[in-house]
1. Taking the stretch 55-69 as the search range and keeping residues that are surrounded by fewer than 18 Cβ atoms within 10 Å (Cβ to Cβ) and either farther than 16 Å from Leu25 by Cβ or not assigned by TED's automatic domain parsing to the domain that holds Gln40 (or both), which one is farthest from the chain's Cα centre (by Cα)?
2. Quick one: Trp101 ticks every box in (1) at pLDDT 85 or above; (2) open to solvent by 30 Å² or more (accessible area, probe 1.4 Å) except a single one, so which number is it?
3. Could you figure out which of (1) open to solvent by 70 Å² or more (accessible area, probe 1.4 Å); (2) charged (D, E, K, R); (3) under 21 Å from Arg36 (Cα atoms) isn't true of Asp132?
4. Restricting to the stretch 163-184, name every residue that is modelled with pLDDT of 70 or more, in a loop (DSSP other than H, G, I, E, B) and open to solvent by 50 Å² or more (accessible area, probe 1.4 Å).
5. Residues in the stretch 253-262: is at least one open to solvent by 100 Å² or more (accessible area, probe 1.4 Å), farther than 22 Å from Ile200 by Cα and at pLDDT 80 or above?
6. So which residues in the stretch 78-120 are aliphatic (A, V, I, L, M), closer than 13 Å to Leu49 by Cα and outside any helix (DSSP H, G or I)?
7. Within the set of pairs 6+ apart or on separate chains, which have a first residue in the stretch 222-243 that is touching a residue at least 12 places away in the same chain (Cβ under 8 Å) and within 15 Å of Ile207 (Cβ to Cβ), a second that is part of a helix (DSSP H, G or I) and not charged (D, E, K, R), and C-beta atoms under 8 Å apart?
8. Condition check: acidic (Asp, Glu), surrounded by 10 or more Cβ atoms within 10 Å (Cβ to Cβ) and either at pLDDT 85 or above or farther than 26 Å from Leu193 by Cα (or both). Does Glu276 satisfy that?
Amino acid sequence: MAPSEQTVLQFGPSSATLSAKVHPLVIFNICDYYVRRPDQAERVIGTLLGSISPDGVIEILNSYAVPHSESSGQVALDIEYHHNMLLSHLKVNPKEVIVGWYSTGLGVTGGSALIHEFYSREVSNPVHLTVDTGFENGKGTIKAYVSVNLSLGDRQLAAQFQEIPLDRRMVEAEQVGYDILKTTSVDKLPNDLEGMEASIERLLALIDDVYKYVDNVVEGHVEPDNSIGRFISETVSSLPKLSPSAFDKLVNNSLQDNMLLLYLSSITRTQLGLAEKLNTAAQIL
């Protein structure tokens, strides 16, 4: 008796080797368009531009919104607008290509599969970025997904969104702006000194976390990680060897330069405001 043939239920190519990096400009663009969205729109979607490295890292550098409408599980995209915007972007940044699409809200929704299918025809294995513009509890949840096919033999049954690692590429100044964006309301924007203070406090907190980790490893409470150890060693060795007095002098000189710039900019604003008022008074007379 011949052995019976078995049909194996399997997923498509694994997403374990894929990861994404998103630049802050993309997040700010998405939030800006969400604020200016039409009244009847519950979410906004758009195209992600960037580059894809050979090792599977998707770097998201830019984005633009695409008008759409959703009703009764159906999604309609303005494809002509999408192609016109893409051509305009390619004239400015010809090296940027379509890497996926974004939508606002928490996680993947029902209509996301239809939109993802369209972008799958634009680029192979697009990434889907979701941005929580509601900032629940002061947290802006940003996640990246790719679609993995579920097949039964040669027959494709469905597609499943799988989350991939996402890295937010922010320098300190951009991180300060992003922290302000996450708050529902602010009295005023921080000046340069307040931004520097917030950055230093964050740096001290990170150094304190490193101290605790090293102490726990030395005392045997935590299993050592060679990659973390190498990273700490490289970071410490990259620091310049300065005496405390030389370091204090360097910081004070930099602080004095910043104070001088603030003073000069304040004088300039005052002079421009006075000149504008004098010009207005002269026109009235």
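The values are calculated or read from the model by the stated rules, or taken from the named source; none is laboratory data. In this text, all values refer to a predicted model and were calculated from it rather than measured experimentally. Cβ coordinates were reconstructed from backbone atoms using ideal geometry, including for glycine residues, and neighbour counts include every protein chain displayed. Please note that ligands, DNA and RNA were not included when accessible areas were found on the heavy atoms of the full protein model with its side chains. Shrake-Rupley method; radii C 1.70, N 1.55, O 1.52, S 1.80 Å.
1. Checking each candidate, the answer is Ser69.
2. With (1) at pLDDT 85 or above; (2) open to solvent by 30 Å² or more (accessible area, probe 1.4 Å) applied to Trp101, the lone miss is (2).
3. (1)
4. Selection gives Pro165, Arg169.
5. no
6. Looking only at the stretch 78-120, we keep the residues that are aliphatic (A, V, I, L, M), and these are 79, 85-87, 90, 92, 97-99, 106, 108, 113-115.
Still in the running and closer than 13 Å to Leu49 by Cα: 85-87, 90, 92, 97-99.
Within the stretch 78-120, Val97, Ile98, Val99 qualify.
7. Listed by first residue and then by second, the contacts come to Ile228/Tyr213; Ile232/Val210; Ile232/Val214.
8. Numbers: acidic (Asp, Glu): yes; surrounded by 10 or more Cβ atoms within 10 Å (Cβ to Cβ): yes; either at pLDDT 85 or above or farther than 26 Å from Leu193 by Cα (or both): yes.
Criteria met by Glu276.
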